[in-house]
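Step one of this worksheet: look at the structure below.
We did not get these values from a lab; they are worked out from the coordinates using the rules stated. In this text, all values refer to a predicted model and were calculated from it rather than measured experimentally. Cβ: placed from backbone, ideal geometry, glycine included. Neighbour counts: every protein chain shown.
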Amino acid sequence: MEELKAISMIELNSIAKGVQVGDEMLKTADVELVVAHPICAGKFMVMVSGDVDSVERANEVGKEVAGEFLVDDFVIPNVHSSIFPALTATTVIQNVDSVGIIETFSVASSIMAADAAVKAASVEIIEIRCATGLGGKSFLYMTGDVASVRSAVEAGINVLEGTGLVLSHVVIPSPSDDITRCIL
């Protein structure tokens, strides 16, 4: 996959409206569809990529079309390259020194937290789990040395400050082998 300059995601609480939003975003701006599908609790997510101006325009149109069905959204210019493997659970992790977990009430907020975390400290994002089987919640796992994971979790939480979308977060130094196997 080529380097993406920017991404936008819109999360809705209507599947029908979600499909319409995705269609309008693609027709309005020169963006590429990354994903558009239902997620748990009857929600729908649409993610597009492209240059910053096009992605911002698609996001604005998507939010207008979403109206009252909008749950959450974001635009991330210069998204970190590790976000896409984490979304598909294809990140290859060699060693787990410590684990950081951020649990959120929306998919969009979890992706925003992951991007901020990996940009703030030397960590690897293991996975971003997007609402599937989670009642609409989302979470991410990250690993690195304890100090880096603490800094990354703090950065992820800080980017969501004031949104009310953070449910919980923890840092686990030296997780047990059994827990590590569950995460990987």
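By its C-alpha gyration tensor, with a ≥ b ≥ c as the square roots of the eigenvalues, how is the range 6-77 shaped: rounded for a/c under 1.5, else prolate for a/b larger than b/c, else oblate? The partial results should precede the final answer.
Working: a/c = 1.79, a/b = 1.66, b/c = 1.08.
Prolate.
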For this session: State which stretch of the chain is the longest one without any exposed GluC sites (Glu not before Pro), exposure meaning a DSSP loop state and at most 13 other Cβ atoms within 10 Å.
Result: 4-160
Seminar exercise, completed: Taking a crude spin-label model, label points 7 Å out from Cα along the C-beta direction, the Val170 to Asp145 distance in nm is 2.4 nm
For this session: Calculate, in nm to one decimal, what Gln94 and Glu64 gain on full extension: separation in residues at 0.36 nm each, minus their alpha carbon distance.
Result: 6.5 nm
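Nothing charged except the Cβ atoms of Lys and Arg (+1) and of Asp and Glu (-1): what's the magnitude of the dipole of the chain about its Cα centre? Round to the nearest 20 debye.
Details: 11 positive and 25 negative charges, 83 e Å.
That gives the chain a dipole magnitude of about 400 debye.
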Exercise. Which of Ala155, Ala116, Ala147 moves the most in a Gaussian network model of the chain with Cα springs under 10 Å?
Worked result: Ala147
For this session: Could you work out which residue, out of Gly18, Gly50, Gly135, moves most in a Gaussian network model of the chain, that is, has the largest mean-square fluctuation with Cα springs under 10 Å?
Result: Gly135
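With contacts defined as alpha carbon pairs under 8 Å and 6 or more residues apart, what's the relative contact order of the range 54-184 in percent?
Working: 244 pairs, mean separation 37.3, N = 131.
About 29 percent, as a whole number.
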Exercise. Using a ≥ b ≥ c from the Cα gyration tensor of the chain (square roots of the eigenvalues), is it rounded, prolate or oblate, where a/c under 1.5 gives rounded and otherwise the larger of a/b and b/c decides, a/b for prolate?
Worked result: prolate
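Please state the shape class of the range 144-184: rounded when a/c is under 1.5, otherwise prolate if a/b exceeds b/c and oblate if not, all from the C-alpha gyration tensor.
Values: a/c = 3.54, a/b = 1.82, b/c = 1.94.
Oblate shape, in that a/c is at least 1.5 and b/c is the bigger or equal ratio.
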For this session: Anything in the chain that counts as a DSSP H helix reaching 18 Å or more along its axis (C-alpha) with Kyte-Doolittle mean of at least 0.5? List them, would you?
Result: 107-120, 146-159
For this session: Determine the alpha carbon to alpha carbon distance for each of Lys17/Lys63; Lys17/Lys43; Lys27/Lys137; Lys5/Lys137; Lys63/Lys119 and list only those over 19 Å.
Result: Lys27/Lys137; Lys5/Lys137; Lys63/Lys119
